[in-house]
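Below: one structure, written as structure tokens.
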Amino acid sequence: MLIRFSIISIWTFIDPLYHLLRRLKYIGSIQNKKAIFRVKLTKYKGKAFLLADGTEIKKNDCLLKIHLHNVRILKEVMSISHPIQRTRMVYKMVEQSMPLLAKFIENHQNTDEIKGIIGITMLNKGVKKLGFELMYPENRLYIKFKRWTQMPIFLISHTSLSLKKVKNQRPTYLVMSKQQLFAKYLGA
């Protein structure tokens, strides 16, 4: 617990620099707290794929890349010892931020160009209920890089881990079309 607290304290200090360097934007606030997502526009660089609603994502399509505010999440769930309660709390935080994300895109100056949202994570339980589709990166070097960069959040967010569980985790793209996002969270 002391190690986890120390890492989160250091991360809290470094996070504003990360936010600045990555040029992330907050999407709004819920109950006087900033939403759990930070975002930036990106051009998709992978292989073309088709989402369940028929939206095709091709190379150079404009997507809104979502980043969870991990240090904030960890601070809020650190005191919860039961993994299921912790997972539910994170799920609820993400779910509450989804309508703000939809509004952010709806009001964005580039709304017509944005085809959807994309994020990458090793924590992907319950994301299908939120409307995300899962895709897996294929580039081995990229997978290793993302596994290395995302491993700290994965390790800190679990109270008990087995080596098998860690080895079986792989980075996963979470993708949702703008139409799906609007239909699910704006009622459009």
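A few comments on the model shown:
- Set Lys33/Lys146; Lys43/Lys144; Lys47/Lys128; Lys33/Lys75 screened for pairs whose C-alpha atoms are more than 19 Å apart: Lys33/Lys146; Lys43/Lys144; Lys47/Lys128
- Between Glu76 and Ile14, the FRET efficiency estimated from the beta carbon spacing at R0 = 22 angstrom works out to 0.75.
Bear in mind that the values in this text are calculations on the coordinates, not laboratory data. Nothing here was measured: the structure is a model prediction, and the numbers come from that model. We place every Cβ from the backbone using ideal geometry, glycine too, and count neighbours over all the protein chains shown.
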